[in-house]
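The values are calculated or read from the model by the stated rules, or taken from the named source; none is laboratory data. These numbers were taken from a predicted model, which means no experiment stands behind them. Virtual Cβ from ideal backbone geometry, glycine too; neighbours counted across all protein chains shown.
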Amino acid sequence: MLRRSLFLAPLLLAATRARAAAPLRVVASFSILADLVRQVGGERVTVRALVGPDADAHSFSPRPSDVAALREAQLVVRNGLGFEPWLDRLLAAAGGKVTTVVASTGITPRRMEGGHDHGHGHSHGKPGETVADPHAWQDLTNGQAYVRTIAAGLTAADPEGASLYAANAEALVGRLAALDGWVRQQVASVPQARRKVVTSHDAFGYFAAAYGVEFRAPQGVSTEGEPSARAVAALARQLKAEGITAVFIENMTNPALLDRLAAEANVRVRGRLFSDALSAEGGPAPTYEAMVRHNVGLLVPAMKGEGG
């Protein structure tokens, strides 16, 4: 009996350690948040993004597997600010018991005119009202706040990982602070009068306010719905009159609208920016940091009029 106990003791200890070391199961609402959770959580977490790379959170259609993932999750990380209204229904369908972290907690939102539909019957206020712009991650200062909020949420869910989460978060915050300085230097190299950009939809308001760039878009904050031909023609005339050369599509939008605008203004679309979603692994923007570097690397020469 003693021999059996001595034999079983190491096995029981190993099984206990294995259970203790099981990664924390986290569901993030979209790919940018999923990357930040992975960066902070390291090997102590497994992360699933409901809206994956190159996918549009505005027109997201949940699947039964998404409900199953939420039922199994130990933590959910969402953006907040009205970005993912469909998540409330998903959480309710999954039982609504999982702890949720709102990454934008504590951030003062940029205000925008209401009346823009984020799809699935959800509208951001009425025309004439002002509502929160949800794209806060486009300002790297806000990105640093996201990281700290995510670290606090992971620590609350998994106190044993506190030191790892804190170290990873501070390392990432440091890199984002340095990246913020680099973005400011890059934009400062563009004459003020040329800091004008046209994109598919209005996702860069926080970037504009933080770094002194003016963004215009034929669509509002949502990719749902088509602007009128009159609105597109008016924007095309504005491009011609102001000599705007920085015209971009976004990775999760249909290029047809910007192609039409570029044809009317006699300019060319200068490339693909990443706004609401990362690229897949192997693409130009598989992480939040890579996304910012990619976008700025396209924006600056285009604003200067370089490369045709």
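Residues of segment 141-155 that are among the hydroxyl-bearing types (Ser, Thr, Tyr) and either touching a Pro at 6+ places or on another chain (Cβ under 7 Å) or surrounded by 19 or more Cβ atoms within 10 Å (Cβ to Cβ) (or both): Tyr146, Thr149. Screening segment 34-48 for residues that are closer than 12 Å to Ala69 by Cα and not basic (Lys, Arg) and picking the one that is surrounded by the fewest Cβ atoms within 10 Å (Cβ to Cβ) gives Thr46.
Annotation for segment 55-66: no member residue is free of Cβ contacts under 8 Å to residues at least 60 places away in the same chain, at negative phi, touching a Lys or Arg at 6+ places or on another chain (Cβ under 8 Å) and surrounded by 18 or more Cβ atoms within 10 Å (Cβ to Cβ). Here Val76, Val51 are screened, and the one residue that is buried (at least 17 other Cβ atoms within 10 Å of the Cβ) and in contact with a helix residue (DSSP H, G or I) (Cβ under 6 Å, 6 or more places away or on another chain) is Val51. Considering segment 199-272, the qualifying helices (runs of 4 or more DSSP H), each wholly inside and each with 1 or more residues that are modelled with pLDDT under 70, under 23 Å from Gly305 (Cβ atoms) and assigned by TED's automatic domain parsing to the domain that holds Asn295, run over 229-242, 256-265.
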